[in-house]
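Student: Please find one structure pasted underneath; my questions will follow.
The values are calculated or read from the model by the stated rules, or taken from the named source; none is laboratory data. Quick caveat: nothing in here was measured; it's all calculated off a predicted structure. Here the Cβ positions follow ideal geometry from the backbone for every residue, glycine too, while neighbour counts run over all protein chains shown.
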Amino acid sequence: MAEPFYITTAINYPNGRPHIGHAYEGIATDVMARFQRLMGRDVRFVTGTDEHGLKMDQTARNMGRKTIDLANEMSGYFREMADRLNLSYDEFVRTTEPRHHAASIELWKRMEANGDLYLDRYEGWYSVRDEAFYDESELVEGEGGEKLSPQGTPVEWTAEETWFFRLSNYQDRLLALYRDNPDFIRPESRRNEVMRFVEGGLKDLSVSRTSFDWGVPVPDSEGHVMYVWVDALTTYMTGVGFPDAEGELFQRYWPANIHMIGKDIVRFHTVYWPAFLMSAGLPLPKQVFGHGFLLARGGEKMSKSAGNVVDPMALAEQFGVDNLRYFFLREIAFGQDGSYSPEAIVNRANAELANSFGNLAQRTLSMIHKNMDGKLERFDPCPDDFALLETVREACATKLPQAFERLSFSTGIEDWIKAVYACNQYVDEQAPWALRKTDFERMKVVLQTLFMALRDLAIAIQPVVPEKAAAVLDQLGIPDGERNYTDLADTEWYMRLVESGFTVAKPTPIFPRLELPEEESAA
């Protein structure tokens, strides 16, 4: 059987509609999932919505609505976003589902059986917006002298009876985990931050609430609901069949290969989550990757509270899904903060997809259709032709996959576009339009060399622009079953295509140029 690979997004908090930051994480996770499938792995990709917690309850009450009605509506928007952006998820988990309640209760019982839960009274600072508890030493002072969380969100003093998790017992085991598995937390800057936090000492963690009832009920503890992060993190196991830990799904896919999350929730995923799993006697995820923020104009973090969120559905409609996907993975070094603008999206898509790759495909296939009646044939390449094909093959079969394995998406795409540029330079140097008059046989060799290069380029870029790459491969006559990265090593595909009698039809443009909206142009 194929090697399993399990990847997740963070579980989105739906107290408002999705913004472009959610889309960015979903796209990056989808690119990795598609890449791993093309590498021949058995991929499971899980996303979903984290619908419990005080913030969700307060939002609904402020709107005069039932919390479940708000959760149903908002979760629907997140699923709609995932579908519109062509995210190839296998499972969309909602924390309000009965199966997830069962998973959370099982995790709780395992931690309780291990002696790691006890009842006490909590007094301390809590951020409703972050759904997080903070020590006094972590707080910062706002402009008006008010206390704020490290994220700059308001905090309030909370006092109530809660269940506690013995997080302090796991300090040494967590530090050993980070030391022995340096790739558990990536990028390195996030790992260093977490290690400093844990080395500073861990206090036991409050893991239940009694001030509201919107959550998973704590078993055998009337009036208590689970702290939202116990419940939310368990979603990753719900998506592979937990609490059936002996089931085929869980046994095959757990532990997760990668949790893809924003850098602001790294602590929950790399301190609390592994400690919960250690307590429950369950395997730990192999890696948590804390990517950077997608910043609004002016360099501000996008958030609902700041009122600067951008609707990803509107951007997808305006610029096209594949253009948007390409921009985010090409423009921003994954792991770092990045920004975007309509002008930047248009310029990147036009320069690289339309003018470079799209134009290469269009003129190559047009010339084969017009000058060769669309018929491919056996040919003998010269050293220049071999050199181009080797350049393209190295970029597509070696450099891009190696970069994507490291989640260095922008680096892999840079290698890919350099190969596209090499093809366009080859076209300019060989000038097949001139060869048509002076050396017709050489013209055919040049065009068929480019045809072979296009196949490799289209296969390689599929994770990023799946619809557009598929359209190119369709025009090239490449069968659906021969589009994986493993097929790049196939040396007989071209002759099979020739012998099949495939004919290149008049091509349809696949990457039309984008135009900047008038209001953006005027700005």
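Student: Answer with yes or no whether Ile7 is among the aliphatic types (A, V, I, L, M) and either in contact with a Gly (Cβ under 7 Å, 6 or more places away or on another chain) or not in a helix (DSSP H, G or I) (or both). Explain how you work it out, then say what you get.
Tutor: Numbers: among the aliphatic types (A, V, I, L, M): yes; either in contact with a Gly (Cβ under 7 Å, 6 or more places away or on another chain) or not in a helix (DSSP H, G or I) (or both): yes.
Taking the combined requirement at face value, the residue satisfies it.
Student: Within the set of pairs 6+ apart or on separate chains, which have a first residue in the stretch 486-508 that is free of Cβ contacts under 8 Å to residues at least 24 places away in the same chain, a second that is part of a helix (DSSP H, G or I), and C-beta atoms under 6 Å apart?
Tutor: Nothing qualifies.
Student: Considering each of Leu107, Leu148 in turn, give the residue that is touching a residue at least 12 places away in the same chain (Cβ under 8 Å) and assigned by TED's automatic domain parsing to the domain that holds Gly215.
Tutor: Leu107
Yes or no, residue by residue, for (1) assigned by TED's automatic domain parsing to the domain that holds Met313; (2) surrounded by fewer than 17 Cβ atoms within 10 Å (Cβ to Cβ); (3) in contact with a Ser or Thr (Cβ under 9 Å, 6 or more places away or on another chain):
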| residue | (1), (2), (3) |
| --- | --- |
| Ser88 | yes, yes, no |
| Glu91 | yes, yes, yes |
| Arg99 | yes, yes, yes |
| Arg121 | yes, yes, yes |
| Asp130 | yes, no, yes |
| Val140 | yes, yes, yes |
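Student: Would you please list the contacts, defined by Cβ atoms under 8 Å and residues six or more apart or on different chains, that run from a residue in the stretch 80-93 that is closer than 21 Å to Val465 by Cβ to a residue that is surrounded by fewer than 16 Cβ atoms within 10 Å (Cβ to Cβ)?
Tutor: Asn86/Glu467
Student: Kindly indicate the residue of the stretch 437-474 that is in contact with a helix residue (DSSP H, G or I) (Cβ under 6 Å, 6 or more places away or on another chain) and of a type in the set (S, T, N, Q) and also surrounded by the most Cβ atoms within 10 Å (Cβ to Cβ) among those meeting that condition.
Tutor: Within the stretch 437-474, the match that is surrounded by the most Cβ atoms within 10 Å (Cβ to Cβ) is Thr449.
Student: For the stretch 46-136, which fully contained helices (runs of 4 or more DSSP H) count at least 1 residues that are modelled with pLDDT of 95 or more and in contact with a helix residue (DSSP H, G or I) (Cβ under 7 Å, 6 or more places away or on another chain)?
Tutor: 67-84, 98-113
Student: Also, quick follow-up: Which numbered condition in (1) in a loop (DSSP other than H, G, I, E, B); (2) over 19 Å from the mean Cα position of the chain (by Cα) is the only one that Pro14 fails?
Tutor: Condition not satisfied by Pro14: (2).
Student: Which one of Ser211, Ser168 is assigned to a loop (DSSP other than H, G, I, E, B), hydroxyl-bearing (Ser, Thr, Tyr), in contact (Cβ under 8 Å) with a residue 24 or more places away in the chain and surrounded by 12 or more Cβ atoms within 10 Å (Cβ to Cβ)? Spell out how you get there, then give the answer.
Tutor: Working: Ser168 fails: assigned to a loop (DSSP other than H, G, I, E, B).
Within the list Ser211, Ser168, the selection yields Ser211.
Student: Continuing with this model, one more query. Which residue out of Thr411, Thr364 is buried (at least 20 other Cβ atoms within 10 Å of the Cβ), part of a helix (DSSP H, G or I) and of a type in the set (S, T, N, Q)?
Tutor: Result of the check over Thr411, Thr364: Thr364.
Student: Could you look through the stretch 245-290, keep only residues that are outside any helix (DSSP H, G or I) and in contact with a Gly (Cβ under 8 Å, 6 or more places away or on another chain), and pick out the one that is farthest from Gln151 (Cα to Cα)?
Tutor: Per the criteria, the residue is Gly247.
Student: Is it the case that Val465 is farther than 15 Å from Tyr494 by Cα, in contact with an Asp or Glu (Cβ under 7 Å, 6 or more places away or on another chain), of a type outside the set (Ser, Thr, Tyr) and outside the structural domain of Pro187 (by TED's automatic domain parsing)? So that I can check it myself, show each step before the final result.
Tutor: Details: farther than 15 Å from Tyr494 by Cα: yes; in contact with an Asp or Glu (Cβ under 7 Å, 6 or more places away or on another chain): yes; of a type outside the set (Ser, Thr, Tyr): yes; outside the structural domain of Pro187 (by TED's automatic domain parsing): yes.
So Val465 passes the test.
Student: Within the stretch 42-82, can you find the residues that are within 18 Å of the chain's Cα centre (by Cα), over 21 Å from Asp311 (Cβ atoms) and buried (at least 19 other Cβ atoms within 10 Å of the Cβ)?
Tutor: Val43, Arg44, Phe45, Val46
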